[in-house]
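K.L.:
Quick one: the structure is below, and I'll ask about it shortly.
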Amino acid sequence: MPRLAPGDRAPAFRLTSAQGEQIALKDLVGSPVLLYAYPAAMTPGCTTQACDFRDNLAVFADAGFVVVGISPDPPEKLAEFAAAEELPFTLLSDPEHRVMEKYGAWGEKKLYGKVVTGVIRSTFVISSTGMIEHAFYNVKATGHVAKLIRDLRL
């Protein structure tokens, strides 16, 4: 899949949230957005990453960012994940991975030495006008949020 780069227009989307609401990128534009793609709710790495975003949400909010997570999980599982981990930001369901494909966050990757197809853990910094400012691919679940804060100088 092609990867996004700074200066690209962020691909439009409309997905169902953990609360069952339809959320579109155009609903979020006006504020900068941190859109992060993760493989599966309630797994150790994804929980670590989500909790890091939760624990640092004030840092992002103070800089004006809206944090949004996206995974192939159904909305019901995302709602359970959000409740269990007290995640105060939007989680979106992309079960057919159409949006993640547009963002280059779905494709071949190595997992335990094997090549598999799935979510490529990624984070996209989208400007308030809908442009990609940064596209981070193959990020680590642990430590990524701290690195993001450093890279964005927040």
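The values are calculated or read from the model by the stated rules, or taken from the named source; none is laboratory data. As the structure is a prediction and not an experimental result, all values here were calculated from the model. As a convention, Cβ positions derive from the backbone with ideal geometry for all residues, glycine included, and neighbour counts pool all protein chains shown.
K.L.:
Among the candidates Val145, Val99, which residue alone is closer than 22 Å to Ala24 by Cα and in contact (Cβ under 8 Å) with a residue 40 or more places away in the chain?
P.N.:
Checking each option against the conditions leaves just Val99.
K.L.:
Okay, moving on. Residue check: is Ala61 closer than 23 Å to Glu21 by Cα, over 15 Å from the mean Cα position of the chain (by Cα) and of a type in the set (A, V, I, L, M)?
P.N.:
Numbers: closer than 23 Å to Glu21 by Cα: yes; over 15 Å from the mean Cα position of the chain (by Cα): yes; of a type in the set (A, V, I, L, M): yes.
It is true that Ala61 is closer than 23 Å to Glu21 by Cα, over 15 Å from the mean Cα position of the chain (by Cα) and of a type in the set (A, V, I, L, M).
K.L.:
Yes or no: Val115 of a type outside the set (Gly, Ala, Ser) and closer than 16 Å to Leu148 by Cα? Explain how you work it out, then say what you get.
P.N.:
Numbers: of a type outside the set (Gly, Ala, Ser): yes; closer than 16 Å to Leu148 by Cα: no.
In short, no.
K.L.:
Here are Leu57, Leu78, Leu15: which of them is within 21 Å of Leu148 (Cα to Cα) and among the hydrophobic types (A, V, I, L, M, F, W, C)?
P.N.:
Leu57
K.L.:
Could you check the stretch 140-154 and list, in sequence order, the residues that are surrounded by fewer than 15 Cβ atoms within 10 Å (Cβ to Cβ) and in a helix (DSSP H, G or I)? Show your work before the answer.
P.N.:
First, the residues of the stretch 140-154 that are surrounded by fewer than 15 Cβ atoms within 10 Å (Cβ to Cβ): 140, 142-143, 146-147, 150-151, 153-154.
Ala146, Lys147, Arg150, Asp151 - these are the residues of the stretch 140-154 that are surrounded by fewer than 15 Cβ atoms within 10 Å (Cβ to Cβ) and in a helix (DSSP H, G or I).
K.L.:
Where the second residue is part of a loop (DSSP other than H, G, I, E, B) and buried (at least 19 other Cβ atoms within 10 Å of the Cβ) and the first is free of Cβ contacts under 8 Å to residues at least 60 places away in the same chain and lies in the stretch 31-50, which pairs have Cβ atoms under 6 Å and are six or more apart or on separate chains?
P.N.:
Short answer, once both residue conditions are applied: Ala41/Asp73; Ala50/Leu87.
K.L.:
Here are Asp73, Asp52, Asp94: which of them is among the acidic types (Asp, Glu), at pLDDT 95 or above, under 16 Å from Val139 (Cα atoms) and buried (at least 18 other Cβ atoms within 10 Å of the Cβ)?
P.N.:
Sole residue among the options that is among the acidic types (Asp, Glu), at pLDDT 95 or above, under 16 Å from Val139 (Cα atoms) and buried (at least 18 other Cβ atoms within 10 Å of the Cβ): Asp52.
K.L.:
Please note which helices (runs of 4 or more DSSP H) are completely contained in the stretch 1-71 and include at least 1 residues that are closer than 21 Å to Glu86 by Cα and of a type outside the set (S, T, N, Q). Walk me through it before giving the result.
P.N.:
Numbers: elements: 25-28, 44-55, 57-62.
The qualifying helices (runs of 4 or more DSSP H) are 44-55, 57-62.
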